[in-house]
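The values are calculated or read from the model by the stated rules, or taken from the named source; none is laboratory data. Bear in mind the structure is a predicted one, so any value in this text is a computation, not a measurement. Reconstructed Cβ throughout: ideal geometry from the backbone, glycine too, with neighbour counts over all protein chains shown. Accessible surface areas use protein heavy atoms only, side chains included; no ligands, DNA or RNA. Shrake-Rupley method; radii C 1.70, N 1.55, O 1.52, S 1.80 Å.
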Amino acid sequence: MPAPELTDVTLTVNGVQHEITVEPRRLLSDALRHDLGLTGTHVGCEHGVCGACTVLVDGKPTRACLMFAVAAQDYAITTVEGLTRPDGSLSPVQQAFKDCHGLQCGFCTPGFLTTVAAGIEENPDPTEDEARDMIAGNLCRCTGYQNIVASVLRAAELQAGESEESA
Amino acid sequence: MTTKSIGEPIARVEDARLVTGQGRYADDLMPGALEMAVLRSPHAHARIVDIDLEAVLDLPGVHAVYTYDDLTGPMAEPLPLLIPHPTLTHGRTQYALAKDEVNYVGEAIAVVVADDRYIAEDAVGRILVSYEFLPPVVGIDKARAAEHLVHDDVPGNVAARMEQGFGDAAGAIAKAPHKLVLDIEVERSAATPMEGRGTVARWDRDLGRMSVWSSTQTSTGVRAAIASKLGLDLGQVDLVTPDVGGGFGVKIVHPWPEELLVPFAARALGRPVKFIEDRREHFISSAHERGQQQHIEVGFDEDGRVLGVDFRFWHDHGAYTPYGLIVPIITSTQFLGPYKIPNYHVVFESLYTNTVIVTPYRGAGRPQAVYAMERMLDAIAAHLGIDRTLVRERNFIQPDEFPYAHGEMSFQDGRPLVYDSGNYPELMAKAKALVGWEDFERFRDEARAEGRKVGIGIACYVEGTGVGPYEGGHVTIETSGKVKVSTGLTTQGQGHQTAFAQIVADELGARFEDVEVVTGDTRRSPYSVGTFASRAAVMSGSAIALAARKAKEKALRLAAQALEVDESDLEINDGVVSVKGAPGTSIDLGTLAVLSNPLRYAFDEASKAATQFVVGDPGKPPVPEGEEPGLEGKDFYSPMRSTFASGIHAVIVETDPDTAEIEILKYAVVHDCGTLINPRIVEGQIHGGVAQGVGGALYERMEYDESGQLLNASFMDFLIPYVTEIPKKIDIDHQVTPSPLNPLGIKGAGEAGVIPTAAAFASAIEDAEGITITSMPISPSQLFDLRLQAAADGTTNQEGTN
Ligand code: FES
Ligand code: FES
């Protein structure tokens, strides 16, 4: 078998541009985790069902296990690491999950955080039902979702508080 | 006064790391490690005729391929049978790599180690294996029929037959005024943590040391297994448990083949090696649980008091028995629940099938046991036409009857089955109030008027938690005043770093923020057992409390000397030892740590204060007799027997008259786990358990076809609940009857959410539909079929057996 063909890929992740040389079949999730060392993005199923690998592609929640790295070149990608503020402080979503015990083992958490970050951007004041809808595509085996729903509502609250302050 | 932290819903200290993507799970470690992929059997039962590696050996990027033939010494022997039992007469375990025969789809046959997982999987795909097919045995019926055998040398496919009991069950049933017979079926499910298994190893040739990180529930168990299989001294192997993305029982099994093959390859190749299980592998090669057939005969009086029970069940343990009989033993003993059963006989057979192994999954045999008992009590209530809660109350062990011994039964630890404490009638009162039991008929009438069908169900359980043999705790106070704590058992999301820090803060009088806890690292805690059976808080919590008390004693001794006062006049608050009533006379824990360790060399300001010219009584040796340098406390906790938590779940469901969809209108949990260390964490455990219980009650089943292929080995097809399947609210009420068996009165809460869930749903669906429910899970299509069946048979009972 010939050596696998390699290709140069430019990824823009959390505002930083990276050049990597990978096989065309390299998944975005693997490129982020193993080529860029951004291991916050987790892989729970590799078939697009669990949502643990969710990253934001031009702001839209996207399953990194269903996208090739080469296909991600023209987009701005945000991972859980990119949610943290430049000064190291927590974004409203991160703070909310911490405040509301929205995680246990933490494995599913990055996928929820990115999903909710985009969700409250789109709907800054979700009702409880809307909060449930927002996370209805992500699996968590630990929390029974109760505190995750609470975290979504809290995140919206914190975010609203912040925009008021800066207004 | 230091504020008490035990009992407070303190926010978890682990979360800041985890919400920023800074967790360190197995696959996050050791970038650049070689990766392993496994060739797994595609057949459920076959002899391996030949393995052709020709097409793999010179693939670029492939470093090694191993089959059974490459294993020597202990590695070539079967994997350990971890928990032997005298009745396990025909225990069998698999080899790290299959030798001659495969017995389930997913059994490891060969491994490839390559530059990365992509190349390793390519290579695995090129290995050619020729098989001679053998007839597969799938399902309990086939196993019992024993037309074919899983293992040639195991007659009847029976690994074990175990019989226990007390009194004269047969006699009591024969004489009883009323009798019932029930046949029940419980399907297979599985833990399916979001992170599968994973192991990383690095062999350091210079130091002769093997460092292993594994996503496990037992650091010391994996370490010992690796040392023994690889012919290393225990002291040469370090096992560090990284962040673990959930366990729920499946990761207590050890060593998995890969847990041995990864360090084996790392040593052979002189390179770090990693194995990370993918989701399909998890379904077909990690353990399942639950599958049982049950047959119950019960005799009872007019009031619904149980006089005698004969309980027979058949347990499908899969192709091998590495974890012994723990699951069926728990089913056979915890069946008794909170009830006084005067005459009891139980017998089970643990059977081989050509399917993946069955080992504990959260609840570990209890959901099946509770399902059986609670279905039985509902049947009694229906038979006599009395309220289901009343039947339960009439059979409860009473609060003044503790400690309560169930005849001569012995529990999963081999010790007598004796309940330590509890108050079941009060639990029932709370549960009825929380779910609105008394108001339900009104609600049912209102719903019925609108053409809706609703039902209410209830189920009780007792859970033996905190089984031995022991756990340890080590508390070290550093010269900075920081308190470093270690315990050997592992963490998979239970918030141990927070809960254990709360215990130490209170016991020692330290500030919570100054306490840092490490779990599952054999370099810090080489003696430990593991995290299972809701035992972590009971076992390590107790051990850590005892260790903190020892550290405190030493701190007080040193402070008394330094301050020249009597120890009994001292107290410790917020990390400062002071004279009671004279807070000005004080010394902090950090300074005491300095004084505890007389030094020759000053390397910083703190150590300058501790050189031998400065500290100590000149009339005594620098380290007085009977003392050790350092301000530490170390202790172990080893209980005489398990403690018994208890609880009741109640649920109100609505079933769609057309589609048979089952909607959850209300879910209520009342539970007693003794002292609560952190109520927020306990409630989180209950939420998660209930979600898994809902999955087990309504959705999750392993669909094997008759050739032994698992048809739904993905998250697409095996339905674990999303938020949309979980009740919008879970009402929780706590009751606290502390355990007299341990220093803090803890009972353990990890499994409370999952144990009675399926039983409560069955009760509620039966109540809504008037159709007897005898199998779990129950899906809308099954309920639909049951309706058709009942209509055809004319067997629908009167609705509302409440
Ligand atoms: S890992 Fe991508 S959806 Fe599960
Ligand atoms: S916190 Fe463990 S899977 Fe969600």
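All C-alpha pair distances within the protein assembly as shown, sorted into 20 Å bins from zero, spread as 13, 43, 35, 8, 0 percent across the bins.
Looking at chain B, the DSSP beta bridges with both ends there are about 80 percent antiparallel.
Shielding of peptide A:44-57 by partners, expressed as the average count of other chain Cβ atoms within 10 Å per residue Cβ, is 4. Over 30 Å apart at the Cα level, from the set B:Lys432/B:Lys747; B:Lys484/B:Lys729; B:Lys142/B:Lys340; B:Lys142/B:Lys274; B:Lys274/B:Lys747; B:Lys482/B:Lys620, are B:Lys484/B:Lys729; B:Lys142/B:Lys340; B:Lys142/B:Lys274; B:Lys274/B:Lys747. In chain A, the DSSP-assigned H stretches of four residues or longer account for a calculated mean residue ellipticity at 222 nm of -9500 deg cm²/dmol, using -39500 (n - 2.57) per stretch and the full residue count as denominator. Under 29 Å of direct C-alpha separation, and excluding same-chain neighbours fewer than eight residues apart, A:Lys60 reaches these lysines: A:Lys98, B:Lys728. Ligands, DNA and RNA are left out, and with a 1.4 angstrom probe the accessible area of chain A is 40 Å² per residue. Estimated from the Cβ-Cβ distance and a Förster radius of 30 angstrom, the FRET efficiency linking B:Ala16 and B:Asp604 is about 0.60. Positive-end ranking of B:Ala98, B:Ala143, B:Gly198 along the dipole of the stretch B:85-237, with charges on Cβ about the Cα centre, is headed by B:Gly198.
Taken along its principal axes, the alpha carbon cloud of the stretch B:227-379 reaches lengths of 73, 31, 26 Å, longest axis first.
Rounded to the nearest 20 debye, the dipole magnitude of the stretch B:589-742 is 900 debye, with +1 charges on Lys and Arg beta carbons, -1 on Asp and Glu beta carbons, and the Cα centre as origin. Sequence-ordered 3J(HN,Hα) estimates for the stretch B:184-194 from the Karplus curve with 6.51, -1.76 and 1.60 and θ = phi - 60° stand at 10, 10, 10, 7, 6, 9, 7, 5, 6, x, 5 Hz, glycine and proline given as x. Taking every alpha-carbon pair in chain A and binning the separations at 5 Å intervals from zero gives 2, 9, 18, 21, 19, 14, 9, 5, 2, 1, 1, 0, 0 percent. For trypsin sites (Lys or Arg not before Pro), no site in the stretch B:274-331 is both called loop by DSSP and has at most 12 other Cβ atoms within 10 Å.
Treating the Cα atoms of chain B as identical point scatterers in vacuum, please give the log10 of the normalised Debye intensity I(q)/I(0) at q = 0.05 Å⁻¹, two decimals. Once normalised to I(0) and log-transformed, intensities are -0.29.
Orientation-averaged projection of the stretch A:92-162 equals 3.9 nm² [convex hull of Cα atoms, one quarter of hull surface area]. Take each residue in B:718-727, count the other chain C-beta atoms within 10 Å of its C-beta, and the mean is 6. Here the dipole of the protein assembly as shown is about 1880 debye; that uses its Cα centre as origin and unit charges on the Cβ of Lys and Arg (positive) and Asp and Glu (negative). For the segment B:54-63, counting C-beta atoms of other chains within 10 Å of every residue's C-beta and taking the mean gives 1.
Using a simple spin-label model with pseudo-atoms 7 Å out from Cα toward Cβ, B:Gln709 and B:Asp100 lie 2.9 nm apart. For chain B, excluding the exposed loop sites themselves (GluC sites (Glu not before Pro), DSSP loop, at most 10 other Cβ atoms within 10 Å), the longest remaining stretch covers B:626-802. For the stretch B:468-577, the Cβ-based charge dipole about the Cα centre amounts to some 560 debye (Lys, Arg positive; Asp, Glu negative; other atoms uncharged). Could you tell me the center-to-center distance, by alpha carbons, between the stretch B:307-362 and the stretch B:535-562 in angstrom? Centre-to-centre (Cα) distance: 40 Å. Using the Cβ-Cβ distance between B:Ala145 and A:Glu121 with R0 set to 60 Å, the FRET efficiency from 1/(1 + (r/R0)^6) comes to roughly 0.50. Taking each residue as 0.36 nm, the span from B:Ala174 to B:Asp731 lengthens on full extension beyond its C-alpha to C-alpha distance by 196.3 nm. A simple spin-label model places pseudo-atoms 7 Å from Cα toward Cβ; at B:Ile386 and A:Ala76 they are separated by 7.1 nm. Three semi-axes describe the equivalent ellipsoid of the stretch B:621-712; taken as square roots of 5 times the Cα gyration tensor eigenvalues and ordered largest first, they are 49, 22, 12 Å.
From the largest down, the stretch A:89-129 spans 27, 25, 17 angstrom on the principal axes of its Cα atoms.
Both the radius of gyration and Dmax for the stretch A:7-82 are 10.8, 29 Å, in that order, over alpha-carbon atoms. The separation of the stretch B:225-245 from the stretch B:642-657, counted between C-alpha centres, amounts to 40 Å.
Within chain B, the selection of entire DSSP H helices by a Cα span of 15 Å or greater along the long axis and an average Kyte-Doolittle value of at least 0.0 returns B:219-230, B:257-269, B:366-384, B:424-435, B:536-563, B:679-694, B:757-769.
Equivalent-ellipsoid semi-axes for the stretch B:732-788 (Cα gyration tensor, √(5λ), whole Å, largest first): 37, 11, 8.
In the stretch B:655-738, a dipole from Cβ-located charges (positive for Lys and Arg, negative for Asp and Glu) runs towards its positive end, and of B:Val670, B:Tyr722, B:Ser707 it is B:Val670 whose Cα lies farthest in that direction. Annotation: Cα Rg of the stretch B:154-273 relative to the compact-globule expectation 2.2 N^0.38 Å equals 1.68.
Using 1/(1 + (r/R0)^6) with R0 = 22 angstrom and r between the beta carbons of B:Lys620 and B:Thr585, what's the FRET efficiency to the nearest 0.05? After rounding, the FRET efficiency stands at 0.45. Among the trypsin sites (Lys or Arg not before Pro) within the stretch A:89-167, not one is in coil by DSSP while having at most 13 neighbouring Cβ atoms inside 10 Å. Take the alpha carbon atoms of the stretch B:26-56, find their center, do the same for the stretch A:119-167, and report the distance between the two centers in whole angstrom. Here the two parts' Cα centres lie 42 Å apart. Expressed as a whole percent, the accessible area of the protein assembly as shown that falls on carbon and sulfur atoms is 50 (1.4 Å probe).
Within the stretch B:307-359, the ratio Rg/Rh, alpha carbon atoms throughout and Rh by Kirkwood, equals 1.07. With contacts taken as Cα pairs under 8 Å at a separation of at least 6 residues, chain B carries a relative contact order of 15 percent.
What is the list of residues in the stretch B:68-108 whose amide nitrogen lies under 12 Å from a point 7 angstrom out from the Cα of B:Asp153, following Cα to Cβ? Label zone hits: B:78, B:90-93. Where the alpha-carbon atoms of the stretch B:402-448 are placed on the principal axes, they occupy 51, 19, 16 Å, in descending order. Ordering B:Thr87, B:Ala431, A:Val70 by the projection of their Cα atoms onto the charge dipole of the protein assembly as shown, which places +1 on the Cβ of Lys and Arg and -1 on the Cβ of Asp and Glu, puts B:Thr87 at the extreme positive end.
Modelled spin-label separation between B:Ile83 and B:Leu269, with each label point placed 7 Å from Cα along the Cα-to-Cβ direction: 3.5 nm. A run of chain B free of exposed loop cleavage sites, with chymotrypsin sites (Phe, Trp or Tyr not before Pro) counted only in DSSP states other than H, G, I, E and B and at most 16 other beta carbons within 10 Å, reaches its longest extent at B:1-469. All alpha carbon pair distances within the stretch B:469-637 were sorted into 5 Å bins beginning at 0; the resulting P(r) in whole percents reads 2, 9, 18, 19, 18, 14, 10, 6, 3, 1, 0. Helical content alone sets the calculated 222 nm signal of chain B at -8000 deg cm²/dmol, taking -39,500 (n - 2.57) per DSSP H segment of four or more residues and averaging over every residue.
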